[in-house]
1. Could you work out Rg/(2.2 N^0.38 Å) for segment 9-146, with Rg from alpha carbons only?
2. Determine, for each peptide in 209-221, 187-199, 114-126, the mean count of other beta carbons within 10 angstrom over its residues, then list the peptides with the highest first.
3. What does a probe at residue 113 reach in segment 132-158, counting residues whose amide N is under 14 Å from the point 7 Å along Cα→Cβ?
4. How about segment 302-350: which trypsin sites (Lys or Arg not before Pro) there are in a DSSP loop, with at most 11 other Cβ atoms within 10 Å of their Cβ?
5. In debye, nearest 20, what is the charge dipole magnitude of segment 9-146 about its Cα centre with +1 on Lys and Arg Cβ and -1 on Asp and Glu Cβ, if you could check?
6. Along the Cα→Cβ direction, 7 angstrom out, place labels at residue 234 and residue 352. What is the inter-label distance in nm?
7. Using +1 at the Cβ of each Lys and Arg and -1 at the Cβ of each Asp and Glu in segment 161-298, identify which of 178, 200, 263 lies farthest towards the dipole's positive end.
8. Taking amide H positions as placed 1.01 Å from N in the peptide plane, with prolines and chain starts having none, which residues 5 or more places from residue 459, or on another chain, fall under 5 Å of its amide H?
Amino acid sequence: MPEQSFKTESELRSLVRAISSEPVRALSELSAHAKKRAAQETIDRLLFDRSPVYAALESGDPKARKNAARLLGALERPADADALLRALQNEETLFVVPSVLLALGSIGGKTAESALAGYKTPAPKDETEEKHVREIQSALEKARAALERGKPLPVRHALPHPANVLLTAPEGFAETLQKELAASGLAAAPCPGGALLHTNNLTPLYAVRCAAEVLLPVAESLPADAKKIASAASDLLERPYRVELRGYSGDRAAFIRAVSGALGGGDNPSRYADELRVVCRGNVCDVFVRPCSVPDTRFAYRKKSLPASIHPATAACLARYALSFVSAERVRALDPFCGSGTLLFELEHAAKNTALIGVDVSEHALEAARINARAAKSSARFIRKDILKFTPREPFDLVLTNMPFGNRVGTHASNEPLYRGFVRMLPSLLSEDGVAALYTMEHRLLADCLRREPRLAVVSETRTEAGGLNPRVTVVKRK
């Protein structure tokens with residue numbers, strides 16, 4: 001199914017409630033959303049009682065059984081293995097079996113290991129079953145390979161020889177990435193979407209907080225031919241690997257199998273040292289290798305996240321970008337919609353001399369922020385308060401925030417009075433030279449509110465990208 005847009009907890013709760021009345025649709029949508037870690041945690045919490053999903057596993061509708069298995073696999077809880085084992089033993093519809101096998105592989109544990117080790121792929125009764133049997137065998141192999149995912153891969157610190165390495169930046173922040181690289185003493189050439197370095201040492205690149213990804217460019221505008229892709233990538237690719245295919249209009253599974261076959265096998269989507277990324281544009285493609293077994297501990301403090309949490313690399317860029325407008329030596333900063341605290345922690349990394357306060361109306365969000373703060377050894381303080389009722393002891397040099405999006409948190413209608421009230425009080429939150437950097441998808445609403453506030457002036461606007469959305473960063477100051 002197509003990639004799902006982000007859902008709020010309220011929308012996910014509605015889908016959970018719909019399992020009993022519309023199991024096929026509700027389970028399908030929930031399993032797709034559960035692929036995102038934050039949504040997975042929310043769905044798992046909402047489904048603390050698994051009985052609706054277990055009932056769907058025994059439904060008379062094979063599509064409901066299939067989607068129930070998909071959801072349990074996405075939630076990755078070993079406690080669900082017994083229910084899946086019973087489903088596997090009772091399942092007579094061939095097209096459902098692959099989803100049950102993959103779910104067992106995904107959740108792991110002794111029950112799943114025993115079930116997958118003892119499972120025998122059925123023989124096709126006639127030619128109409130041959131395709132389904134092939135899919136069962138493929139799913140069984142993937143599920144067994146998934147059981148290996150907990151075993152650590154050899155850590156990779158360097159390439160065999162110096163090569164071009166591309167560090168990508170979140171859209172709109174390539175210059176911010178360049179500045180961090182320069183400050184770190186890493187010589188890099190600017191390029192579209194990021195920066196290019198020539199090195200064999202990967203370790204320092206995974207300390208660059210503003211880098212969204214570290215990629216090894218393999219080929220540009222290469223014919224979309226499996227053998228040519230394999231030939232170009234083989235020297236850089238560590239095994240096991242996974243193939244990430246983007247923009248391909250044909251039979252994706254067949255093309256991935258062809259690439260893996262040309263490489264001599266080694267494709268393991270559950271446990272891999274590298275990702276072979278093939279980005280197609282018609283009959284040609286760009287090919288990259290993304291190293292995946294290099295330690296990346298930049299954002300290890302994120303023990304808890306929320307469905308609307310900003311990506312930490314974007315937060316790192318936004319923090320540094322905002323600081324470029326601040327003149328104070330010791331930055332007193334406020335995040336009025338702080339969520340799990342990511343922006344404040346990245347601000348603390350970027351400017352060591354800070355006094356940080358996070359405000360949020362949600363105790364659930366603040367619980368996550370405090371857990372993350374302990375992991376980050378942060379000095380940030382967090383206050384549960386409606387920001388429209390918040391009165392600070394002194395104004396701030398910087399207000400930095402990821403404002404509620406109408407299509408992520410709340411609704412556009414509920415955001416209107418919030419934005420208008422917040423913009424009206426913003427001048428009183430800022431010191432004389434203070435600035436605010438406001439990140440939101442509701443840029444039209446924000447722009448309208450700012451036009452109505454004579455005490456504020458817009459300094460800069462930058463467009464970025466987040467999960468298919470295009471938020472903007474608006475920097476304002478007091479007049």
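1. That ratio works out to 1.01.
2. Going from most to least packed, we get 209-221, 187-199, 114-126.
3. Within reach of a label on residue 113, which here means backbone N under 14 Å from a point 7 Å along Cα→Cβ, segment 132-158 contributes 144-152.
4. Working: sites: 302, 303, 304, 320, 330, 332; in loops: 302, 303, 304, 330.
For trypsin sites (Lys or Arg not before Pro) across segment 302-350 that sit outside H, G, I, E and B with at most 11 neighbouring Cβ atoms in 10 Å, the list reads 330.
5. 300 debye
6. 5.0 nm
7. 263
8. The list, which skips near neighbours in sequence, is 475, 476, 477.
A short reminder: the numbers here are calculations on the coordinates, not readings from a lab. Here the structure is a predicted model, which means the values were calculated and not measured. Here the Cβ is made from the backbone with ideal geometry for all residues, glycine too, and neighbour counts use every protein chain on show.
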